[in-house]
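*Asks:* Please read through the structure below; I'll follow up with questions.
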Amino acid sequence: MMQREDRQFVDAFARGLAILEALSREQRPLNNGELSRATGLPPSTVSRLTHTAMALGYLRFSQSKRAYELTPKNLTLGYPVLAGMTLLDRARPLLKQLSEETGETVGLVIRDGLHVTFVEVVQGSELVAVRLATGGRLPIAVSAAGIAILAAMPDRDRRILATRVRAHLAKRGGNVETFNAKLVEATELGICFIRDAWRRGIGGIAMGLENNGEMAAITIPIATGSVSEMDMHGRLADALRATIDLLRGTAGGAHSVQTGTPSEARRRSH
């Protein structure tokens, strides 16, 4: 994790962020031993970092669970980012409509280095809907949203980032051939379909879009044991395309986000 060959890289800062990121990913309190295993840092280092984070107000210790948890102060780091994302304001009602229509969880995702981060999540009503949290991160290489963002990029930018993703994937023993095939498919179709790549039993559908020079995607994560490929390529893909069309129309000023639900958008297009 630590980039010691870079003389400008501050290891201590990176270690502190690793603690916060581990707690964000797990979405539950963790003790020092669990944080050590999650970050790969020595227990003594973790102990000093959690003590410092508590002193600064970013962590608190749960006496009942005997573990550390994030405090609301962490939200202050994300608010300026979200406040500047006009796309988020436009997308929020459409994400809600899409989730209500499909019953599935829906998320708005942005690129975060070689990962993607969920900046908005609407939980699905179906019992088997995948549960995700705002702030969650996934590698580009194994996520529908990451590949969809890559596919929506200009050719030169896509080639540069895809090369970095392949190197990162190969270093960790991932399947580069599958990534390449999915990227080609998503580029040709304008939509990405993934099944059982990130975790067995989990898949997703996503489409990318550009927002003032930044790349984003809307994604529908699904439980592959309950949602068939036919359903992904049919009902869910249709609903996602209609949502993206509405959002792009909003971005261009041609429509308001209140112009209709995804199903209404499909009816108007026929």
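*Asks:* Take the range 192-237 and flag every residue that is among the aliphatic types (A, V, I, L, M) and touching a Pro at 6+ places or on another chain (Cβ under 7 Å).
*Replies:* Ile202, the sole residue that qualifies.
*Asks:* Can you name every residue in the range 87-105 that is in contact with a strand residue (DSSP E or B) (Cβ under 8 Å, 6 or more places away or on another chain) and at pLDDT below 90?
*Replies:* If the condition is that a residue be in contact with a strand residue (DSSP E or B) (Cβ under 8 Å, 6 or more places away or on another chain) and at pLDDT below 90, then Leu87, Leu88, Ala91, Arg92 are the ones that fit.
*Asks:* If only one of Ala265, Ala239, Ala254 is in contact with a helix residue (DSSP H, G or I) (Cβ under 9 Å, 6 or more places away or on another chain), surrounded by 14 or more Cβ atoms within 10 Å (Cβ to Cβ), over 16 Å from Pro139 (Cα atoms) and at pLDDT below 80, which one is it?
*Replies:* When all the criteria are applied, what remains is Ala265.
*Asks:* Continuing with this model, one more query. Any residue in the range 45-74 that's within 17 Å of Gly135 (Cβ to Cβ): show its pairings with residues that are among the small types (Gly, Ala, Ser) and outside any loop (DSSP other than H, G, I, E, B) at Cβ separation under 7 Å, as long as the two are six or more apart or on different chains.
*Replies:* If the second residue must be among the small types (Gly, Ala, Ser) and outside any loop (DSSP other than H, G, I, E, B), the pairs left are Ala53/Gly16; Leu59/Ala53; Glu69/Ser62; Leu70/Ser24.
*Asks:* I need the full set of residues from the range 213-244 which are of a type outside the set (D, E, K, R), farther than 21 Å from Glu120 by Cβ and without any contact (Cβ under 8 Å) to a residue 12 or more places away in the chain, in order please.
*Replies:* Ser228, Met230, Gly234
*Asks:* Which number in (1) more than 18 Å from Thr243 (Cβ to Cβ); (2) in contact with a Ser or Thr (Cβ under 6 Å, 6 or more places away or on another chain); (3) crowded, with 22+ Cβ neighbours inside 10 Å marks the one condition that Leu94 misses?
*Replies:* With (1) more than 18 Å from Thr243 (Cβ to Cβ); (2) in contact with a Ser or Thr (Cβ under 6 Å, 6 or more places away or on another chain); (3) crowded, with 22+ Cβ neighbours inside 10 Å applied to Leu94, the lone miss is (1).
*Asks:* OK, next. Taking only the range 97-111 into account, find how many residues are more than 9 Å from the chain's Cα centre (by Cα) and surrounded by fewer than 22 Cβ atoms within 10 Å (Cβ to Cβ).
*Replies:* Of the residues in the range 97-111, 3 are more than 9 Å from the chain's Cα centre (by Cα) and surrounded by fewer than 22 Cβ atoms within 10 Å (Cβ to Cβ).
*Asks:* What helices (runs of 4 or more DSSP H) lie completely within the range 1-61 and have 2 or more residues being touching a strand residue (DSSP E or B) at 6+ places or on another chain (Cβ under 6 Å)?
*Replies:* Passing ranges, in order: 43-56.
*Asks:* Mind listing just one residue for me: the one in the range 15-33 that is within 21 Å of the chain's Cα centre (by Cα) and open to solvent by 20 Å² or more (accessible area, probe 1.4 Å) and, of those, nearest to Gly57 (Cα to Cα)?
*Replies:* Filtering the range 15-33 for residues that are within 21 Å of the chain's Cα centre (by Cα) and open to solvent by 20 Å² or more (accessible area, probe 1.4 Å), the one nearest to Gly57 (Cα to Cα) comes out as Leu20.
The values are calculated or read from the model by the stated rules, or taken from the named source; none is laboratory data. As the structure is a computational prediction, the values presented were derived from the model and not from experiment. Backbone-built Cβ (ideal geometry, glycine too); neighbour counts: all protein chains shown. Accessible surface is based on the protein model in full, side chains and every heavy atom, while ligands, DNA and RNA are left aside. Shrake-Rupley method; radii C 1.70, N 1.55, O 1.52, S 1.80 Å.
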